[in-house]
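Only one structure is covered here, and it is reproduced in the block below.
No lab work stands behind these numbers, since they all come straight from the coordinates. Given the structure is predicted, the values throughout are model-derived calculations rather than measurements. Neighbour counts are summed over all protein chains in view; Cβ atoms, including those assigned to glycine, are modelled from backbone coordinates with ideal geometry.
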Amino acid sequence: MAHVDAAIRLLQFQPIRFSTLPPPSSSTTNLVSYSSSSSSSSGPPPTLVFTPKRPFLSFKVCATVAETGQPKWWEKNAPNMIDIHSTQEFLSALSQAGDKLVIVEFYGTWCASCRALYPKLCRTAEEHPEIVFLKVNFDENKPMCKSLNVKVLPYFHFYRGAEGQLEAFSCSLAKFQKIKDAIETHNTARCSIGPPKGIGDLLAEASSVPQDRPAESV
């Protein structure tokens, strides 16, 4: 009790001195305590020691989920969209389309304009199941693209039966109305006789054209 009385008297006349002790070994709240020497009644008065409670640190763990097995943007096709990998596939697809309107998109996987336009093109294909959409990867078909005078991307050709090529133009997302207008113009009921014209010598021409530098993006 003598030590407690001495501590109370000390609080009345001396400031409290604080010291930092090692972290507590338990999670219990640390209280104000005093230390004294029990082996001797003489010596300096006891010193109050305040051990601040260490704040709990909260950590927010952000998990990154890797997308595996997801198709790339140019692989998300509508049912009536066909990927073309060679000149022969291109000619066969045009021939098999018969009297249907065929829209050919020339694109590059690295082309930002192609990527921006593509979702809207897919929606258009879904809205017109009677139209055949062919997709030609420029990097896989450089000789054919050169023969067809494709110099910018994305680029579009419109074909229909014996009438052959109807239109050819570059387009971007901001000018997508050009595609809609061309569909409205050429997607009318009609019958044609004979194979598509204007592409008969395409295979021979493509085989003799050297690879050119990549097309520009609009």
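For a 22 Å ceiling on Cα separation, which of these pairs sit above it: Lys72/Lys146; Lys142/Lys175; Lys120/Lys175; Lys76/Lys151; Lys146/Lys175; Lys120/Lys146? Listed pairs above 22 Å: Lys72/Lys146; Lys142/Lys175; Lys76/Lys151; Lys146/Lys175; Lys120/Lys146. Going from the residue with the fewest nearby Cβ atoms within 10 Å to the one with the most, Trp110, Trp74 rank Trp110, Trp74. Karplus-derived 3J(HN,Hα) values for segment 154-166, using 6.51 cos²θ - 1.76 cosθ + 1.60 with θ = phi - 60°, are x, 10, 10, 10, 10, 10, 7, x, 5, 6, x, 6, 9 Hz; glycine and proline are entered as x.
Please compute the net charge surrounding Thr124, taking Lys and Arg as +1 and Asp and Glu as -1 over other residues with Cβ under 11 Å from its Cβ. Net charge around Thr124: 0. Close amide H partners of Ile82, meaning residues 5 or more places away or on another chain with modelled amide H under 5 Å apart, are Phe133, Leu134, Lys135.
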